[in-house]
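Enquirer: Got a structure for you, written out below as structure tokens; questions coming shortly.
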Amino acid sequence: MKDLVEYLAKSLVEDPEAVEVKEQRRRRELRYELNVAEEDMGRVIGKGGRVANAMRQLLRAAATVQDTGRVELDIVD
């Protein structure tokens, strides 16, 4: 699923080399921290957070299919 977050983010930004995804695993919870270049932050978040929320929904759907438990995505400044 880390690959999914990375793929989505790199598809959205102008500087794909700056995309960094960290994965933290706790029991039945996965947390992903997404770092992008400062100028690409608006592209990843989107108007009113729509893009970020869509990415979170895709992760939840993938987690349901893989039965990995709860998944969270944090976009870090």
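Enquirer: Using Cβ contacts closer than 10 Å as the measure, can you line up R70, R56 from fewest to most?
Expert: R70, R56
Enquirer: Could you work out how far apart the two model spin labels at A37 and L58 are, taking each label as a point 7 Å from the Cα in the direction of the beta carbon, and quote it in nm?
Expert: Those two pseudo-labels are separated by 2.0 nm.
Enquirer: In the stretch 2-76, what % of DSSP beta bridges are antiparallel (nearest 5)?
Expert: The answer is about 50 percent antiparallel.
Enquirer: Send over the semi-axes of the chain's equivalent ellipsoid, whole angstrom and largest first, taken as the square roots of 5 times the C-alpha gyration tensor eigenvalues.
Expert: In descending order the semi-axes read 21, 13, 10 Å.
Rule-based calculations on the coordinates, nothing more; no lab input. Here the structure is a predicted model, which means the values were calculated and not measured. Note: ideal-geometry Cβ built from the backbone for every residue, glycine included; neighbour counts use all protein chains shown.
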